[in-house]
Amino acid sequence: MLFGKKNIKDILRNTKDKVRDFLLTEKCREFLIFLFFVAISFGFWMLQTLDGNFETEFTIPLRLKDVPKNVVITSDLQDEVRVKVEDRGTVLLNYMLGRSFLPISINFSDYENSSSRVVLPYEDLRKRVSSQLNSTTKLLSVYPDSIGFVYSQGKFKKVPVSVSGKITPGIQYYISDIKLSPDSVIVYAPAEVLKTVQTAYTMPLDCEDLTENTSLRTSLKKIDGAKYDPSFCDVSVSVDMYSEKTVEVPVVGIGFPANKTLRTFPSKVKVTFKVGLSGYSSVNADDFFIGVKYSDLLKTSKDNIDLVVTTTNPNVSNIRVVPSSVDYLIEESVISIRQ
């Protein structure tokens, strides 16, 4: 080993001796005496300074107590108040270093009323603060100057959740699904507020140019006097990429008499559409229908008819038919009746 126990002891002993020798020198003693008088001077200066009047701010906790079990507080309640006071510096220093303020307790039964809205009078709030201050302390202000809350006595209903904001896909993508969890919430509110709430909306979302599935948690938009349970919602946005597909679909007649048949040229047309990659293989010609009504043909003198396609598949879009019109012929057959 580079350093043994003996070497370490010798180093510590030498260091101790050097420090002791330095402290015993004349210059060191003079410096220490100087620091001593500086400390005394600073102490007198502090006492003289703190003897003057100063202003400062403190926070005092605020608590609501004795709330009945059937009562739900449906608004945000201030959890503390800021007070501005004036007094001698020594008193304020005691507030800062040695004294803690007790919470201001608001007894629910003292302010319960028929309107379901409570406002704590400002003078009442000042009295509760002043009771914890020294007699020499001057209370300058209390902020906020109005403390209140809204409550509901067991009145609630279930409402659906809806997304607000902007959710857009990137180029060549589309929003295939949006799921909300939960999709409905319980809202508590006084009767006059409850009847106006029909839907719980999320906070405005800003999800643009999405190219992959996205999940996020958002709070619900607040309504004055109403409380949601739960107060948040998980939003899952499914994104899929567009692909183009073409199928052949026959043109069929609708409402033709038994002795008449529709012939079109061509008899089948190509239907091209956009569909997400996840549903590409599940879409086929059976999901589309091109029908020509007999009654429509009787109203036209043209030799061709425009085609309109319908689909039962909600996942397809941008449908195009080629050709968009076809020539047609109505064949009439003779029906023989045997005697």
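The values are calculated or read from the model by the stated rules, or taken from the named source; none is laboratory data. No experiment lies behind these values; they were computed from the predicted model shown. Glycine also receives a Cβ, built like all others from the backbone with ideal geometry; neighbour counts cover every protein chain displayed. When the accessible area is computed, the model is the full protein with side chains, heavy atoms only, and any ligands, DNA or RNA have been set aside. Shrake-Rupley method; radii C 1.70, N 1.55, O 1.52, S 1.80 Å.
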Next on the checklist: Pairs needed: first member in the range 281-308, more than 19 Å from Pro266 (Cα to Cα) and free of Cβ contacts under 8 Å to residues at least 24 places away in the same chain; second member anywhere, assigned to a loop (DSSP other than H, G, I, E, B) and open to solvent by less than 30 Å² (accessible area, probe 1.4 Å); C-beta distance under 9 Å; at least 6 residues apart or different chains.
Outcome noted: Ser282/Asn313
Checklist outcome for this item: When the range 267-289 is checked residue by residue, the ones that are within 21 Å of Thr211 (Cα to Cα) and part of a strand (DSSP E or B) are Phe273, Lys274, Val275, Gly276
Checklist entry - Quick check: anything in the range 238-246 at pLDDT below 95, of a type in the set (Phe, Trp, Tyr) and touching a Gly at 6+ places or on another chain (Cβ under 9 Å)? => result yes
Item to check | Residue match in the range 103-122 (condition: in a helix (DSSP H, G or I), surrounded by fewer than 16 Cβ atoms within 10 Å (Cβ to Cβ) and aromatic (Phe, Trp, Tyr)) | outcome: yes
Next on the checklist: Among the listed residues Tyr228, Tyr280, identify the single one that is within 29 Å of Pro323 (Cα to Cα) and within 36 Å of the chain's Cα centre (by Cα).
Outcome noted: Tyr280
Item to check | Count - residues of the range 211-251 that are part of a strand (DSSP E or B), among the aliphatic types (A, V, I, L, M) and in contact with a Phe, Trp or Tyr (Cβ under 8 Å, 6 or more places away or on another chain) | outcome: 5
Checklist entry - For the range 142-153, which residues satisfy the criterion of being part of a loop (DSSP other than H, G, I, E, B) and open to solvent by 40 Å² or more (accessible area, probe 1.4 Å)? => result Asp145, Ser146, Gln153
Checklist entry - How do the strands (runs of 3 or more DSSP E) wholly within the range 167-210 filter down when requiring 2 or more residues that are open to solvent by less than 40 Å² (accessible area, probe 1.4 Å) and within 12 Å of Ala226 (Cβ to Cβ): which remain? => result 184-188
Checklist entry - Mind checking which pairs have a first residue in the range 138-162 that is under 20 Å from Ala226 (Cβ atoms) and a second that is acidic (Asp, Glu) and outside any loop (DSSP other than H, G, I, E, B), Cβ under 9 Å, 6 or more apart or different chains? => result Phe156/Asp229
